[in-house]
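Structure, as structure tokens:
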Amino acid sequence: MFKKSILAGIVVALGLTTTAAIAEYPSKPVTIIVPSKAGGSTDRTARLFTEVAEKNYDGFEFIIKNIPGSGGQKGFEAIARATPDGHTIGLVFTPQLVAHIVSGRAKYTLDSFHIMGNTAQDPAIVVVPKDSPIKSMADLAAAAKANALTVAVNGIGSDDFLAAKSFESATGVTFNLLPTKGSTEQKAAILGGHVDAAFMNLSQMIKQHQAGDARIIALLTEERDEHLPDMPTAKEQGYEVFMRATRGFVAPAGIDEAIQTRLDTMLAEVMATDEFQEKAKTGSIFLLPMTGPDYLAYLKDLMAQTKAVYDKAPW
Amino acid sequence: MLEHIAVVFTFSSLLTIAIGTTAGVAIGGMPGLTATMAVGLLVPFTYTMDPTAGLMLLGGIYCGAMYGGSIPAILLNTPGTPAAVATAIEGYPMSRKGHAGLALKVSVVASFVGGTFSVFILLMFAPLLARQALAFGPAETFLLALMGLAGIISIADENSSLIKALIAGLLGMIIAIVGTDDMSGSLRYTGGLIELIDGIDFMPALIGLFSMIQMLELAGMHQHEIDTSTLHKTQKREPLPKGIGKHIALGSGTGTVIGILPGEGATIAAFISYNLSKRISRAKELFGKGNPEGIAAAESGNNGCVGGSLVPTLTLGIPGNSVAAALMGAFIIQGMIPGPELFTEYADRTYPFILSLFVANGVFLLVGLGFAPYLARIALVPPALMVPVVGAFAVLGSYALNNAVFDVYLMIAFALGGLILKKLGYSLEALILGLILGPIAEGGFTQGMIIGKGSPWIFIESPIAKVMWVIIFLLLLPPLYSYYKNVHLGKEDPV
């Protein structure tokens with residue numbers, strides 16, 4: 001008897017939530033899970049979004065919850081596990097999101113998420129010390145053939161690591177890879193001339209390059225970048241090596257469709273505002289808006305590429 | 001320069017700095033709240049503030065928190081930051097003898113001198129020094145960690161059990177092995193727990209080993225045995241001990257130099273300063289029993305790191321430690337990307353920020369000196385009140401570090417395990433030193449070996465490395481010699 005009434009209660013409650021969900025949404029602040037530390041670039045992207053979104057959407061309040069660690073895995077898992085009621089969404093970044101799946105460490109899959117869309121990106125670059133004789137990708141390949149070059153990458157399984165591996169397989173060279181803890185160590189190694197080259201991201205080295213403290217020799221994107229328009233891509237130099245970091249919004253899969261559509265639209269609208277774009281520029285966030293379906297396709301493609309690298313040389 | 005000074009000495013700037021610094025002192029003083037966390041969380045809020053004011057606020061927090069960690073270390077043996085562990089070794093015995101007021105005074109004066117000296121160096125020589133620091137590579141980082149680990153010997157000959165201190169240090173390093181191997185990406189002893197992939201955070205360990213154990217011990221005491229007789233005399237103001245200047249100068253220099261080097265500086269700086277000061281002290285035998293000289297060296301050392309760590313942060317974009325990294329986020333969010341532009345295009349914000357750090361040091365000096373007599377009374381709070389309050393902070397603080405309940409369990413596990421070790425005479429200071437420096441040593445060693453392409457020659461090749469080896473031997477030989485003398489001449493049984 002008692003059990004029955006509980007069951008009935010649950011059924012009623014469920015019925016209420018589906019029908020009344022959108023009418024009462026949002027009934028409380030929306031939590032955005034940021035899988036990295038407060039103050040970092042992913043965190044800044046999230047806070048920029050909340051600032052503009054709160055101003056333009058009445059009734060919406062956001063709480064940022066930082067869950068740093070394990071190359072984002074802790075945070076990604078938390079987003080996947082969150083109650084799909086539209087009150088928790090999160091940021092993810094690549095290639096770590098798919099790398100954890102490929103390496104078999106993740107409990108989530110891409111199906112655990114509804115992909116809302118991409119926001120920002122950071123092209124991968126190859127950088128050498130300022131007085132290095134290496135001035136192009138061809139120099140790098142030649143030098144690496146003659147001698148094992150010491151090349152700094154930010155940890156195993158990171159975008160830098162994948163890019164370096166993909167350059168190795170494109171040219172047949174083998175680097176003496178130096179994994180570092182964070183880009184700061186890479187920067188110190190390049191500026192101090194302790195390594196021959198490093199695979200990094202543009203935002204981490206653009207100022208040092210412009211100041212003449214280090215030399216970027218190639219961008220690893222399909223096209224040149226507006227922030228450094230004179231810098232040729234690896235493709236232009238004859239090397240088909242591509243890598244970029246992306247940062248996009250996702251929600252746990254299974255959110256009421258009306259609510260999900262509202263969130264997706266809000267993301268697209270906020271990214272289109274002048275205010276958002278202006279502030280992103282000041283804060284050195286390179287924007288790359290992508291719709292949910294486009295970003296999902298990108299992720300699937302990236303996962304296939306990452307798997308190819310992993311199968312050859314697992315970590 | 002004058003117009004920059006004028007920016008600092010407006011009412012609103014001074015108020016901002018004072019608020020930041022005072023909040024920093026409070027944050028540094030509470031177990032589990034760290035300067036890294038505070039700066040990281042406040043960075044987004046400074047976004048809407050005037051850029052210069054925002055940076056001043058964060059700078060004040062950084063300076064204040066570095067000093068604040070010493071207050072509970074001295075009064076309750078519960079260092080708020082790992083950099084204050086060395087301070088606790090001397091400060092707490094002083095409190096127990098009723099000299100808490102003096103210990104606090106030494107600590108604040110040393111912090112002030114160390115902090116001010118390092119900011120002065122930052123202001124005058126930043127670009128020049130940053131270039132020099134770049135020569136310091138992974139191999140030298142390994143040697144720096146070794147220098148820090150030499151502090152275990154120093155802790156040992158106080159507790160007069162070298163073997164047990166070494167075992168504790170080793171245990172700390174073994175615990176630090178858990179987590180991802182950065183060189184291969186493989187997982188070590190994580191037992192399938194996602195929480196252990198990043199390894200064991202030293203903050204829950206610090207809170208468990210010191211704050212929690214201290215509370216457990218307090219709760220277990222029949223009588224609160226603190227000599228209160230001299231405490232009432234503190235109003236008379238005990239003068240600073242003679243000859244303390246030498247130790248403050250030593251700590252300031254050491255701290256600033258180590259702060260400039262990349263890597264987690266403040267803890268290493270405090271321990272190396274402490275260790276060096278013990279070597280030059282005329283009253284070596286008082287170390288570990290409440291020697292103000294040790295406090296002076298450790299505190300000037302860790303505050304020296306503040307200015308030092310900002311040298312590579314502002315000029316090259318290479319943060320000297322995690323607080324500086326969070327602070328760098330605040331610069332970037334305002335469009336001020338570290339590099340030469342900070343001192344040209346953004347000079348009107350950068351210089352007032354650097355100058356504001358002088359004011360911040362002054363603020364905590366006033367706060368520290370003004371409140372020392374009242375703070376000293378914290379040690380008199382009855383355990384019935386103290387234990388639950390500090391215990392609650394320990395739990396909250398552990399959780400707040402990463403928003404993770406797992407860290408709370410970790411903290412409790414460290415408290416229970418540590419209590420047993422402490423009762424058996426193992427040094428918890430050595431354990432935490434091993435836990436913090438183990439990964440730094442490992443990273444430096446493996447990266448050095450990779451850069452050296454498998455040859456260990458890299459660890460002695462550079463001139464810097466050679467000098468560091470000499471210092472390591474100077475730190476290690478005297479205590480080992482006296483240990484040998486004691487054991488073989490049978491003066492006393494040290495084990």
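The values are calculated or read from the model by the stated rules, or taken from the named source; none is laboratory data. Keep in mind that what you see is a predicted model, and the values were worked out from it rather than measured. Heads up, the Cβs are rebuilt from the backbone with ideal geometry, glycines too, and the neighbour counts pull from every protein chain shown.
Scan A:Asp122, A:Asp159 and give me the residue that is touching a Pro at 6+ places or on another chain (Cβ under 6 Å), closer than 30 Å to A:Gly192 by Cα and not polar (S, T, N, Q).
A:Asp159
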Those residues of the stretch B:95-137 that are within 14 Å of another protein chain (Cβ to nearest Cβ) and part of a loop (DSSP other than H, G, I, E, B) come to a total of 4
Residues (without any contact (Cβ under 8 Å) to a residue 40 or more places away in the chain and more than 22 Å from A:Ser284 (Cα to Cα)) located in the stretch A:44-64: A:Asp58, A:Gly59, A:Glu61, A:Phe62, A:Ile63
Cβ contacts < 7 Å: first residue within 13 Å of another protein chain (Cβ to nearest Cβ), restricted to the stretch A:300-315; second residue assigned to a helix (DSSP H, G or I), any location; separation 6+ or different chain. Result? A:Val309/A:Leu162; A:Val309/A:Lys165; A:Val309/A:Ser166; A:Tyr310/A:Val102; A:Ala313/A:Lys165
More than 14 Å from chain A (Cβ to nearest Cβ) and in a loop (DSSP other than H, G, I, E, B): does that describe B:Lys246? no
When the stretch A:141-164 is examined, which residues are found to be crowded, with 23+ Cβ neighbours inside 10 Å, of a type in the set (D, E, K, R) and either farther than 12 Å from A:Val126 by Cβ or without any contact (Cβ under 8 Å) to a residue 40 or more places away in the chain (or both)? A:Asp159
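Yes/no matrix, rows are residues, columns are (1) within 7 Å of another protein chain (Cβ to nearest Cβ); (2) surrounded by fewer than 24 Cβ atoms within 10 Å (Cβ to Cβ); (3) at pLDDT 95 or above; (4) closer than 22 Å to B:Ile450 by Cα:
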residue: A:Pro179; (1), (2), (3), (4): yes, no, no, yes
residue: A:Ile190; (1), (2), (3), (4): no, no, yes, yes
residue: A:Ser203; (1), (2), (3), (4): no, yes, no, no
residue: A:Ile217; (1), (2), (3), (4): no, yes, yes, no
residue: A:Leu220; (1), (2), (3), (4): no, no, yes, no
Yes or no: the stretch A:34-47 includes at least one residue that is modelled with pLDDT of 90 or more, at negative phi and either of a type in the set (Gly, Ala, Ser) or in contact with a Gly (Cβ under 6 Å, 6 or more places away or on another chain) (or both). yes
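Do we have A:Leu177 as free of Cβ contacts under 8 Å to residues at least 40 places away in the same chain and not assigned by TED's automatic domain parsing to the domain that holds A:Arg105 here? Spell out the reasoning first.
Working: free of Cβ contacts under 8 Å to residues at least 40 places away in the same chain: yes; not assigned by TED's automatic domain parsing to the domain that holds A:Arg105: yes.
It is true that A:Leu177 is free of Cβ contacts under 8 Å to residues at least 40 places away in the same chain and not assigned by TED's automatic domain parsing to the domain that holds A:Arg105.
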Check every one of the strands (runs of 3 or more DSSP E) wholly within the stretch A:76-188 and list those with 3 or more residues that are over 22 Å from B:Gly317 (Cβ atoms). A:88-94, A:113-129
Name the one entry in B:Phe473, B:Phe393 that is without any contact (Cβ under 8 Å) to a residue 12 or more places away in the chain and either aromatic (Phe, Trp, Tyr) or in contact with a helix residue (DSSP H, G or I) (Cβ under 9 Å, 6 or more places away or on another chain) (or both). B:Phe473
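Per-residue answers, yes or no, for (1) at pLDDT 95 or above; (2) over 30 Å from A:Thr171 (Cα atoms):
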position: A:Met231; (1), (2): yes, no
position: A:Val241; (1), (2): no, no
position: A:Arg244; (1), (2): no, no
position: A:Phe249; (1), (2): yes, yes
position: A:Leu267; (1), (2): yes, yes
position: A:Met271; (1), (2): yes, yes
position: A:Pro293; (1), (2): yes, yes
Counting just the residues of the stretch B:146-183 that are in contact with a strand residue (DSSP E or B) (Cβ under 8 Å, 6 or more places away or on another chain) and either surrounded by fewer than 17 Cβ atoms within 10 Å (Cβ to Cβ) or assigned to a helix (DSSP H, G or I) (or both), which one comes out nearest to the other protein chains (Cβ to nearest Cβ)? B:Asp181
Report the residue count in the stretch B:360-385 for those that are more than 25 Å from B:Gly307 (Cβ to Cβ) and touching a Ser or Thr at 6+ places or on another chain (Cβ under 8 Å). 4
Looking only at the stretch B:438-470, which residues are in contact with a strand residue (DSSP E or B) (Cβ under 8 Å, 6 or more places away or on another chain), assigned to a helix (DSSP H, G or I) and either of a type in the set (S, T, N, Q) or without any contact (Cβ under 8 Å) to a residue 12 or more places away in the chain (or both)? B:Gln447
Given the criterion among the hydrophobic types (A, V, I, L, M, F, W, C), without any contact (Cβ under 8 Å) to a residue 60 or more places away in the chain and either within 14 Å of another protein chain (Cβ to nearest Cβ) or over 21 Å from B:Phe120 (Cα atoms) (or both), identify the matching residue among B:Leu369, B:Leu342. B:Leu342
Every residue from the stretch B:313-337 that is within 7 Å of chain A (Cβ to nearest Cβ), surrounded by 22 or more Cβ atoms within 10 Å (Cβ to Cβ) and not in a helix (DSSP H, G or I): B:Gly317, B:Ile318, B:Pro319
Look through B:Ala270, B:Ala298, B:Ala283 and report the one residue that is away from chain A (no Cβ under 14 Å), of a type in the set (Gly, Ala, Ser) and more than 18 Å from B:Cys63 (Cβ to Cβ). B:Ala283
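This table checks each residue for (1) modelled with pLDDT of 95 or more; (2) closer than 20 Å to B:Gly368 by Cβ.
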position: B:Met1; (1), (2): no, no
position: B:Ile5; (1), (2): no, no
position: B:Gly32; (1), (2): no, no
position: B:Thr48; (1), (2): no, no
position: B:Met56; (1), (2): yes, yes
position: B:Gly68; (1), (2): no, yes
position: B:Asn77; (1), (2): no, yes
With the structure loaded, tell me whether A:Asp225 is over 22 Å from the mean Cα position of the chain (by Cα) and either within 14 Å of chain B (Cβ to nearest Cβ) or more than 30 Å from B:Ser184 (Cβ to Cβ) (or both) or whether it fails that test. no
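Are there helices (runs of 4 or more DSSP H) fully within the stretch B:1-78 with at least 2 residues that are free of Cβ contacts under 8 Å to residues at least 24 places away in the same chain and more than 24 Å from B:Gly251 (Cβ to Cβ)? List them.
Helices (runs of 4 or more DSSP H) meeting the threshold: B:2-8, B:11-29, B:35-46.
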The stretch A:26-43 - residue that is assigned to a loop (DSSP other than H, G, I, E, B) and more than 11 Å from chain B (Cβ to nearest Cβ) and, of those, nearest to the chain's Cα centre (by Cα): A:Pro35
Sole residue being touching a Lys or Arg at 6+ places or on another chain (Cβ under 7 Å) and β-branched (Val, Ile, Thr), chosen from A:Ile255, A:Ile217: A:Ile217
Across (1) assigned to a loop (DSSP other than H, G, I, E, B); (2) under 23 Å from the mean Cα position of the chain (by Cα); (3) away from chain B (no Cβ under 14 Å), A:Phe60 clears everything bar (2)
